[in-house]
1. Tally Lys and Arg at +1 and Asp and Glu at -1 over the other residues with C-beta under 12 Å from the C-beta of ILE53: what net charge comes out?
2. Which whole-number value in Å² is the accessible area per residue of region 86-221, probe 1.4 Å?
3. Rounded, prolate or oblate, given the Cα gyration tensor of region 45-194, with a/c below 1.5 counting as rounded?
4. Given 0.36 nm per residue, what is the gain on full extension from THR191 to ALA63 after removing their alpha carbon distance, in nm?
5. Going by average Cβ neighbours within 10 Å, how do the peptides 76-83, 56-63 rank, with the highest at the top?
6. Within the set of other residues whose C-beta is less than 14 Å from the C-beta of HIS119, count the net charge using Lys and Arg as +1 and Asp and Glu as -1.
7. Using modelled backbone amide H atoms (1.01 Å from N, in-plane), which distant-in-sequence or interchain residues come within less than 5 Å of THR136's amide H?
8. Each label point is 7 Å from the Cα along the Cα-to-Cβ direction; what then is the distance between the points at ASP129 and VAL227, in nm?
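The values are calculated or read from the model by the stated rules, or taken from the named source; none is laboratory data. Here the structure is a predicted model, which is why all the values come from computation and not from measurement. Positions of Cβ are backbone-derived with ideal geometry, glycine not excepted, and every protein chain shown enters the neighbour counts. Heavy atoms of the whole protein, side chains included, go into the accessibility calculation; ligands, DNA and RNA do not. Shrake-Rupley method; radii C 1.70, N 1.55, O 1.52, S 1.80 Å.
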Amino acid sequence: STAHEAPLCVALVALSRAEHASHGTQEADDVVLLLYGLAGLSFHSQTVTRLLIHMLHAAEAYAEAYELVPKYIALVHTAWTAQGVPPQRDTQGLRAVDGPSEYVDTVLLGAHIATHYIHAPAQAHEWTDDLLLIGTTDKSPEHRFTMPTPMLARVLRCAGEARLAQARAATPSERATLLDDARGFLRHAETLDAEASESHYALACLLAAQRATDAALVHARRASDLVPAIRGAGRQAGLRQSG
């Protein structure tokens, strides 16, 4: 039954993540096969569907993960309509209905896949807009929960990245609007979480696309400063090449 399958799936994924550094995508592939077997063909469990999306991403099966996101969204919305939104809690816990943390984390992963791997930024645009509608502090009828500041910053960043990706294939007039919107989202994200290297990197890419080279360089340097491991890896690669 799903009641027994879900805890097993959580345990399998936790073990896979703990061992990910040493086993890479092969172990993720193995866990995906086990999850498919436990889920059957219906995917009625929010927990199993969510874990499948995350493990398919780890296994670099991006198209499969992407295809499951709408099903996951529908499962959660149906449960929320019937039972209400559970209170915020740690994403590692287990319960029958996913709450805001699990939901936002999974939809953002879907938007990331859509933008960076599936070349479907318009879908990422739609998903992030939906998150901002149901999970901000506005008074719309669809508002269901309040996002913590770091979570809201992630959603805003992802919304900006989706628009930046859309702009690359847009007409000149559409491109200008998309870039302006992206800049607003990314500036807001950076204001909320100034220590997120991803926001500075996205801003650097955006400003470069708008030919604001000096400003882009500032954010690129800030992103680099916030991720010292990148610089360390680069130095080590340089030493290996020169050695």
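1. Value of the local net charge: -3.
2. Here the per-residue accessible area is 48 Å².
3. oblate
4. 42.8 nm
5. Most protected by this proxy first, the peptides run 56-63, 76-83.
6. Taking every Cβ under 14 Å from that of HIS119, the sum is 0.
7. Amide H neighbours of THR136: ARG144, PHE145.
8. Placing both labels 7 Å beyond Cα along the Cβ direction yields 2.9 nm.
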